[in-house]
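Below is one structure; the comments refer to it alone.
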2 protein chains.
Amino acid sequence: MNQASRAPTAAIIVIGDEVLSGKVEELNARFLVRELRALGVAVRRIEVVPDLREEIAAAVRKASVAFDHVFTAGGIGPTHDDVTIAAIAAAFAVPVVRDSGLADLIREVSGERFFERDLRMADVPEGADLIRGEDTRHSRWPVIAIRNVYVLPGVPSILQRKFAMIRERFAAAPFHCRQIYSRESEGAIADTLDRAAADFPNVAVGSYPHLDAPDHKVLVTVDGRDEAAVVRACAQIVTGLGSAVVRVE
Amino acid sequence: MNQASRAPTAAIIVIGDEVLSGKVEELNARFLVRELRALGVAVRRIEVVPDLREEIAAAVRKASVAFDHVFTAGGIGPTHDDVTIAAIAAAFAVPVVRDSGLADLIREVSGERFFERDLRMADVPEGADLIRGEDTRHSRWPVIAIRNVYVLPGVPSILQRKFAMIRERFAAAPFHCRQIYSRESEGAIADTLDRAAADFPNVAVGSYPHLDAPDHKVLVTVDGRDEAAVVRACAQIVTGLGSAVVRVE
């Protein structure tokens, strides 16, 4: 057992015809990856699936079993292409039920601009948790969660606000990272990296060619939850690379 | 059978610990989505998986069966974290073999800067096609393909050059798109959209709330390969939305 493998894991499922068709830039997975990483959660999968109930359900069912936490982004709203809630209910073989508290809230907030269809946003998978934050202004609108699946909206500014309501649930030991810039190419430094990867099984060693960088050819990354191991692995690589090291960050 | 469903389909598998850890911005899927879309290929899945052979193999195997074309991005190079070739070979239960022509090319191009480890880049799944483009300067370095899986590198500028070598293979009927901007919110226009989606099964109708836009609340998209149907569906939605229409593009 290495320590890195004990980090809580997560998957992000983006429900997004608009991403698959190249119409909008994907911002939600990028945001969640960074937030979760900072919390010490290892994102192990990002999947972008179309707005189709069966495909969303299959992805959610599989991810829910394979990872500690699952976050869905998008497909919740009053229009025909918003099928995430039904899909998640199908994934867990539970019916969709209308939450009367949410329905009242929608009617109250909408006022004169209320449309019957807006009530679709009060539909939840049976047995779902409605998580409310401490910020009273926003907390009336809960984050819907069922088992280990958290249902987030597709509009980036709202997703970010919703995630803030639940982020403390995922706090774990943070990652420690070092970056080493090499003026030699990957072929020249691969043996050193291989050795460090073998010697420090709880540290992740990555290498990324930077073809257009003015002063280096490869960025080497050294990451792990065990800070002492990260420092030792980094030192070993720096020694191995010798004069190839441009700088360490 | 609706016409939209006959579009060739594709999946993009990004091999990317660096994406999952938020270290680099994902550019390759975004590029491929737009290119394929312009060619008339419907991208139905984007998956970001870690640099782990078994996980890559499972994703490739599944996508190869489910979609017409599969593109992998990343994980090909001489370092320990480059496992894509071995993973794809495992996905199809074939061995990895060293291509002697590629090995000679690597030796020749590397000259004095040759490292034995660079030869790993001459390894291919047995039975792979080595596709060379017509541009003689770059065509010496082929795109490796096996069955319906095309193996692309992770460095965006090289991926783009490689894709240019194979893009004509995927040319199909292009998509036709219209965009309608609505000053009314989703609840107010959902019925009209639902009706158009039902009346034109070969047209995809999407709706995206734009909370921060100064002049509209929702972007409605109307897409399909049958241009006449797209035009008719768009006209029906514009009529249904009436004074809510800000503009049509």
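A few remarks follow.
- A cut-off of 5 Å between modelled amide H atoms, ignoring neighbours fewer than 5 places along the same chain, links residue A:129 with A:145, A:146, A:147.
- Cα long-axis angle, helix B:156-166 against chain B (0 to 90 degrees, to the nearest 10): 90 degrees
- Debye intensity ratio I(q)/I(0), log10, the stretch B:1-126, q values 0.18, 0.21, 0.23 Å⁻¹ (C-alpha model): -1.02, -1.18, -1.25
- For the stretch B:176-248, the Kirkwood estimate of the hydrodynamic radius, built from every pair of different alpha carbons, is 11.9 Å.
- Residue of B:213, B:198, B:128 that the Gaussian network model of chain B assigns the largest fluctuation, springs spanning Cα pairs under 10 Å: B:213
- Average partner coverage of A:21-31, which counts Cβ from other chains inside 10 Å: 5
- Averaging Cα coordinates gives a centre for the stretch B:14-33 and one for the stretch A:72-138; these two points are 32 Å apart.
- Size of the B/A contact, given as accessible area buried on both chains, probe 1.4 Å, in Å²: 4600 Å²
- Estimated purely from DSSP H runs of n ≥ 4, each contributing -39500 (n - 2.57), the mean residue ellipticity at 222 nm for chain A is -11000 deg cm²/dmol once divided by its residues.
- Between B:158, B:15, B:85, the GNM of chain B built on Cα springs shorter than 10 angstrom shows B:158 fluctuating the most.
- Just checking the listed ones, B:167, B:98, B:113: in the Gaussian network model of chain B with Cα springs under 10 Å, the one fluctuating most is B:113.
- Lys, Arg +1 and Asp, Glu -1 on Cβ, resulting dipole of the stretch A:3-170 about Cα centre, debye, nearest 20: 640 debye
- Per-residue mean of foreign Cβ neighbours for A:113-121 is 4 (Cβ atoms of other chains, 10 Å radius).
- Looking at chain A, the accessible area is 44 square angstrom per residue; that uses a 1.4 Å probe and ignores ligands, DNA and RNA.
- Taking every alpha-carbon pair under 8 Å whose residues sit at least 6 apart, chain A reaches a relative contact order of 19 percent.
- Shortest-first nm distances, residue B:103 label point to equivalent points in other copies (7 Å, Cα→Cβ): 7.2
- Of all chain B residues, the closest to the B-onto-A rotation axis by Cβ, with that distance in whole Å, is B:47, 3.
- Between the Cα long axis of helix A:227-241 and the first principal axis of chain A there is an angle of about 40°, rounded to the nearest 10.
- Helix A:100-110 and the longest principal axis of the C-alpha atoms of chain A enclose an angle of approximately 90°.
- Projecting 7 Å from Cα along the Cα-to-Cβ direction, the label point of residue B:198 sits 6.6 nm from its equivalents in the other copies, listed shortest first.
- Cβ neighbours within 10 Å from other chains - mean over A:45-52: 6
- Taking 30 Å as the straight-line reach from the Cα of residue B:62, the lysines in range (excluding those fewer than 8 positions away in the same chain) are A:23, A:62, B:23, B:162.
- Mean sequence separation of contacting Cα pairs (under 8 Å, at least six apart), scaled by the length of the stretch A:176-248, corresponds to a relative contact order of 46 percent.
- Computed from backbone phi, the HN-Hα couplings of the stretch A:209-225 come to x, 10, 5, 9, 6, x, 10, 8, 10, 9, 9, 9, 10, 10, 10, x, 8 Hz, rounded to whole numbers (Karplus: 6.51 cos²θ - 1.76 cosθ + 1.60, θ = phi - 60°; Gly and Pro given as x).
- Highest-first packing order for the peptide set A:88-97, B:74-83 is B:74-83, A:88-97, based on the mean count of other beta carbon atoms within 10 Å.
- Taking Cα centre as origin and charging only the Cβ of basic (Lys, Arg, +1) and acidic (Asp, Glu, -1) residues, the dipole magnitude of the protein assembly as shown rounds to 40 debye.
- Hydrodynamic radius of chain A per Kirkwood, over alpha carbon pairs, in Å: 20.4 Å
- Relative to the compact-globule estimate of 2.2 N^0.38 Å, the Cα radius of gyration of the stretch A:99-220 comes out at 1.76.
- Whether the stretch B:16-77 is rounded, prolate or oblate, judged on the alpha carbon gyration tensor where a/c under 1.5 counts as rounded: oblate
- With label points defined 7 Å past Cα in the direction of Cβ, position residue A:214 shows copy-to-copy spacings of 3.7 nm, given to one decimal and shortest first.
- Diffusion coefficient, µm² s⁻¹, Stokes-Einstein with Kirkwood Rh over alpha-carbon pairs of the stretch B:74-114 at 20 °C and 1.002 mPa s: 184 µm²/s
- For the protein assembly as shown, the Stokes-Einstein estimate of translational diffusion at 10 °C and a viscosity of 1.306 mPa s comes to 65 µm²/s, using the Kirkwood hydrodynamic radius over alpha-carbon pairs.
- Heavy-atom surface analysis with a 1.4 Å probe gives the stretch B:3-170 a carbon and sulfur content of 50 percent of its accessible area.
The values are calculated or read from the model by the stated rules, or taken from the named source; none is laboratory data. Fair warning: this is a prediction, and the values are worked out from it, not measured in the lab. Here Cβ is always computed from backbone atoms with ideal geometry, including for glycine, and neighbour counts include all displayed protein chains. Just the protein is used for accessible areas: all its heavy atoms, side chains included, with ligands, DNA and RNA removed. Shrake-Rupley method; radii C 1.70, N 1.55, O 1.52, S 1.80 Å.
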